[in-house]
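**Student:** Encoded as structure tokens, here's the structure I'll be asking about.
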Amino acid sequence: MLRLLSISSKSISNSLRKSSSISSYSFTHLETHLCNPTSSPISSNPSGSPPNQFNSINPAKTPDGYSFSHRFDRNFSSFSSKIGFCKVSSSGYWLNCANLRTCERNGSAVLRVQGSVSGMRSFSSESDRESMEYDVVIVGAGPAGLSAAIRLKQMCIEKGVDLSVCVVEKGAEVGAHILSGNVFEPRALDELLPQWKQEEAPISVPVSSDKFWFLTKKRAFSLPCPFDNKGNYVISLSQLVRWMGTKAEELGVEIYPGFAASEILYDAKDTVIGIATNDMGVAKDGSKKEIFQRGVELKGRIMLLAEGCRGSISEKVMKKYNLREKRHAQHQTYALGIKEVWEIEEDKHNPGSVIHTLGWPLDQKTYGGSFLYHLQDRQIAIGLVVALNYQNPFLNPYEEFQKLKHHPAIKPLLEGGSVLQYGARTLNEGGFQSIPYPVFPGGAIIGCSAGFLNVPKIKGTHTAMKSGMLAAEATFGVLQEGLNLETYWDALQNSWIWEELYRARNYRPAFEHGLIPGLAISGLEHYILKGRSPFTLKHGKPDHEATKVARLCSPIQYPKPDGVLSFDVPTSLHRSNTNHEHDQPAHLRLRDPKIPEQVNSPDYAGPESRYCPARVYEYNPDEKSQLKLQINAQNCLHCKACDIKDPKQNIEWTVPEGGGGPGYSVM
Amino acid sequence: MKIMVAVKRVIDYAVKIRVKPDKTGVETQNVKMSMNPFCEIALEEALRIKEAGMASEVVAVSMGPAQCVDTLRTGLAMGADRAIHVDATGPLYPLSVAKLFKALVELEKPGLLILGKQAIDDDCNQTGQMVAGLLGWPQGTFASKVVLDKEKQLATVDREVDGGLETLCMDLPAVITTDLRLNQPRYATLPNIMKAKSKVIKKYTPQELNVEIKSDLEVLQVTEPPKRKAGVIVSSVDELIDKLKNEAHVI
């Protein structure tokens, strides 16, 4: 039996609420309408207090004296009548944000934290959103998010219960924002879906050869291969995630692509209770277009954040709850990966061939390397990964990648071929030292948002999936048995993720001192100490602090693209199928709009115009010949490099209207 | 009055098109598909007419393989009341589609049939006109404004033509095909997407509708257009004239 008590309240901003009598009914969502507060049924209020009590001039009376409202939204996922939302905040959701503006109101009001810094949109209308409630809301339909969703539903079937699981994804479809090398270790998938082969997962090319080259400008030297890829497969992660999405939907998970989680919802006790999606149909100047649609609130008893590397919501949560400090973790370090998928000539194609390179075109002080994997159907994946703690602000990772393709060892392979897709994404390289405490009040962080990538193996998919599965198991324990979500943290530390990342912890920090010391220490770790080293090396400066000022570095001259092997950014961008609704506010926000012209441009020669793989940032001279920053937000590939590398951390990547961004299908 | 809207599942407009290596067509495997933008505009117009109180029901129709159901669900999420899927594998050319629509119109008896002016994959711009011809209905194509008069049962349509705008007045039932400037389609909201999952989609086959979809056309080959050649910078006007005369043969 569902009851709703709605109490009309009047707030300063005149957002009036519809009052309705108490009755036993369930309804799909609550809508806010303008109404006359005096028409509220005083007599039906069980606590007997007149509704004017909620007037902001009378804040003394706490809502605890009133029956709270249970907001039971119908669960659309399954028609088993599980009531989604059992946790009730004593203040009731009616007494929420409208009262925020009255600061005298005590903490029992629901707080909303604006995800954006723009300040263009006022607080006035945040209380009129539709709200939907689930047991678990997962942000991000990637390997981690979908693994968690699938595992939850599997456990429901095992134990004969049902939980409503919703996955919200900012890409236009599942897999649209997924980019990875990818040499896949099926360890986690074997645990999650052991029948993946019979169920026709797009995993069909086993690794057939593994090579490791050191490149100089003209030559390639074969080095002993430090990787052991036996039993692994060369795949397109975008395809795999797409397949996992269909598996999840078969199990009853609700997946909503095209909806971007932009705001975190908190309750009175500062617990995360949900997210809100973006308003759609806002014009560039902030005004509402004819087709304006208010965002929707998705509330979950447990929230799982699976946004991938440098997830916008995850970063906010980590900062708010000091999750890194809690575990004395170091900062996260990152790299930018730029990738193309080519279709090459039949006789040059060798399915399962895996090549990694080190050295040229990057110098001794810049960590990074390239990869070249042969997939099926004459396709190859080729890319360059550049660590973002590079020092020279004139470095342009995109152009370095174009240079790489002209190397005599790589060029013959690509000749006669054509590019199918292009894309870029940052990845974490912090490893063990940078893992934050992943549990926060109301949920947990899984996958690359926390950072489980194994850097020497260059694999993060299997650990991301396993972390999703562990979080799902912990979540199930919380929801069904009343356990604590801390069990996720314990499970992580007892799992093979921990053991694997612990053994891999020193490889990347070893390169702090340069390529040769890095190789030496890595060799020591790999061949002699075999992961039993007594020391743990630390990361150097955070990536954005590592950039030297421009006057101390020399500009790099990059060759012009030849249109056959190397291309200019607009051509490549076209191949990423990137699109955003052009008439929307720019999703890349400058915390201080003066800094680009006062700091980035004069001191660092505008590094964002160089590291952005989509040419979002351009410095153009204006009438007074001053360089002005122009932000072409429509080009954005959602790689997050700018959020990471901006020297003053002035650029904030926020999420644009859902459905925008790249359209990867074979990446 | 019932409004029937035609929606087509096409490759998303933002996707870079690739011709299949065997040149039989365009690569559609693993490619993002969505509702044809002109069909979105058509559906939006139908919804606005319904919201203005001049129609009782909006029925979305799509023809093609099983995946068309996804497009219909999007249409239902935007606000269509019912959907019909005509299950047909193999290529469907405009005349076949028009014949199928004639059959459906005779079944459903809508007062208005709205289609997009053309699909972005084949750019035919034929289906709407053909249906009108088969049904003997008036047609207002390239509509940039539609105004209905319920009592007099007529539609006034502003058409975008080469010379400017042409205003037509037609009796209902009629066929309208939509152009870009007619409206801006609404977003499908999350709650509506959820509700759409439970709405009914009726399925027909061409056999059930007694329509022969064998086509008189056959695609022999699809090739990419020739690559643009690089421009040449000339050093003098004389050189330019010489090139135009002797190389490009245009003067």
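**Student:** One residue is enough: does region A:653-661 have a residue meeting the conditions away from every other protein chain (no Cβ under 14 Å), part of a loop (DSSP other than H, G, I, E, B) and not basic (K, R)?
**Tutor:** Yes.
**Student:** Could you say which residue among A:L404, A:L501 is out of contact with any Asp or Glu (no Cβ under 7 Å at 6 or more places or on another chain) and more than 25 Å from A:H638 (Cβ to Cβ)?
**Tutor:** When all the criteria are applied, what remains is A:L501.
**Student:** Scan region A:285-300 residue by residue and report those that are outside any strand (DSSP E or B), more than 12 Å from chain B (Cβ to nearest Cβ) and at negative phi.
**Tutor:** Of everything in region A:285-300, those that are outside any strand (DSSP E or B), more than 12 Å from chain B (Cβ to nearest Cβ) and at negative phi turn out to be A:D285, A:S287.
**Student:** Given the conditions (1) more than 19 Å from the chain's Cα centre (by Cα); (2) within 14 Å of chain B (Cβ to nearest Cβ); (3) crowded, with 24+ Cβ neighbours inside 10 Å, and given that A:Y367 satisfies all but one, which numbered condition is not satisfied?
**Tutor:** Every condition holds for A:Y367 apart from (2).
**Student:** Does region A:477-519 hold any residues that are over 26 Å from A:L537 (Cβ atoms), in contact (Cβ under 8 Å) with a residue 12 or more places away in the chain, part of a helix (DSSP H, G or I) and not acidic (D, E), and which are they?
**Tutor:** Residues satisfying the conditions are A:V478, A:L479, A:Q480, A:T487, A:Y488, A:A491.
**Student:** Separate question: (1) of a type outside the set (D, E); (2) touching a helix residue (DSSP H, G or I) at 6+ places or on another chain (Cβ under 8 Å); (3) within 14 Å of chain A (Cβ to nearest Cβ): which one isn't true of B:L209, the others all being true?
**Tutor:** (3)
**Student:** With the requirement that a residue be among the aliphatic types (A, V, I, L, M) and either outside any loop (DSSP other than H, G, I, E, B) or within 14 Å of chain B (Cβ to nearest Cβ) (or both), what does region A:142-171 give you?
**Tutor:** Correct list: A:A144, A:L146, A:A148, A:A149, A:I150, A:L152, A:M155, A:I157, A:V165, A:V167, A:V168.
**Student:** A further question follows. Name the pairs whose Cβ atoms lie under 7 Å apart, with the first residue in region A:361-382 and under 12 Å from A:P397 (Cα atoms), the second aromatic (F, W, Y), and 6 or more positions between them or separate chains?
**Tutor:** Final answer for the pair search is A:T366/A:Y390; A:Y367/A:F511.
**Student:** Next question, about the same structure. Restricted to region A:327-356, and to residues that are out of contact with any His (no Cβ under 6 Å at 6 or more places or on another chain) and over 28 Å from A:N577 (Cα atoms), which residue is surrounded by the most Cβ atoms within 10 Å (Cβ to Cβ)?
**Tutor:** Residue satisfying both the conditions and the ranking: A:Q332.
**Student:** I'm trying to understand the selection: among the residues of region B:16-65, which are within 14 Å of chain A (Cβ to nearest Cβ), surrounded by 21 or more Cβ atoms within 10 Å (Cβ to Cβ) and of a type in the set (V, I, T)?
**Tutor:** Of everything in region B:16-65, just one residue is within 14 Å of chain A (Cβ to nearest Cβ), surrounded by 21 or more Cβ atoms within 10 Å (Cβ to Cβ) and of a type in the set (V, I, T), namely B:I41.
**Student:** Give the number of residues within region A:547-579 that are outside any loop (DSSP other than H, G, I, E, B), more than 14 Å from chain B (Cβ to nearest Cβ) and either of a type outside the set (A, V, I, L, M) or surrounded by fewer than 17 Cβ atoms within 10 Å (Cβ to Cβ) (or both).
**Tutor:** Going through region A:547-579 one residue at a time, the tally reaches 2.
Conditions (1) crowded, with 21+ Cβ neighbours inside 10 Å; (2) part of a strand (DSSP E or B); (3) out of contact with any strand residue (DSSP E or B) (no Cβ under 8 Å at 6 or more places or on another chain), marked per residue:
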| residue | (1), (2), (3) |
| --- | --- |
| A:A381 | yes, yes, no |
| A:V386 | yes, yes, no |
| A:K403 | no, no, yes |
| A:A409 | no, no, no |
| A:L413 | yes, no, no |
| A:G416 | no, no, yes |
| A:G423 | yes, yes, no |
| A:L427 | yes, yes, no |
| A:F432 | yes, no, yes |
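**Student:** Here are some residues: A:H544, A:H539, A:H582. Which one is loosely packed, with under 13 Cβ neighbours inside 10 Å and in contact with a helix residue (DSSP H, G or I) (Cβ under 6 Å, 6 or more places away or on another chain)?
**Tutor:** The conditions single out A:H582.
**Student:** Please specify each residue of region B:34-75 satisfying the condition of being under 14 Å from the mean Cα position of the chain (by Cα) and over 25 Å from B:E106 (Cβ atoms).
**Tutor:** B:S34, B:M35, B:P37, B:E40, B:I41, B:E44
**Student:** Could you look through region A:454-468, keep only residues that are among the aliphatic types (A, V, I, L, M) and surrounded by 24 or more Cβ atoms within 10 Å (Cβ to Cβ), and pick out the one that is modelled with the lowest pLDDT?
**Tutor:** The selected residue is A:V455.
**Student:** Out of A:V174, A:V137, which single residue is among the hydrophobic types (A, V, I, L, M, F, W, C), within 14 Å of another protein chain (Cβ to nearest Cβ) and in a strand (DSSP E or B)?
**Tutor:** A:V137
**Student:** Related question: I'm checking my understanding of the structure. Among residues of region A:188-222 that are of a type outside the set (A, V, I, L, M) and surrounded by 18 or more Cβ atoms within 10 Å (Cβ to Cβ), which one is farthest from the other protein chains (Cβ to nearest Cβ)?
**Tutor:** A:W213
**Student:** With the checklist (1) assigned to a loop (DSSP other than H, G, I, E, B); (2) in contact with a strand residue (DSSP E or B) (Cβ under 9 Å, 6 or more places away or on another chain) in hand, flag the one item B:M194 doesn't pass.
**Tutor:** Status for B:M194: all satisfied but (1).
**Student:** I've got another one for you. Count, please, the residues in region A:595-642 that happen to be under 25 Å from A:S566 (Cα atoms) and in a helix (DSSP H, G or I).
**Tutor:** The total comes to 9.
The values are calculated or read from the model by the stated rules, or taken from the named source; none is laboratory data. Only a predicted model underlies this, so the values are computations on that prediction, with no experimental measurement involved. So basically every Cβ, Gly included, is an ideal-geometry build from the backbone, and we count neighbours across all protein chains shown.
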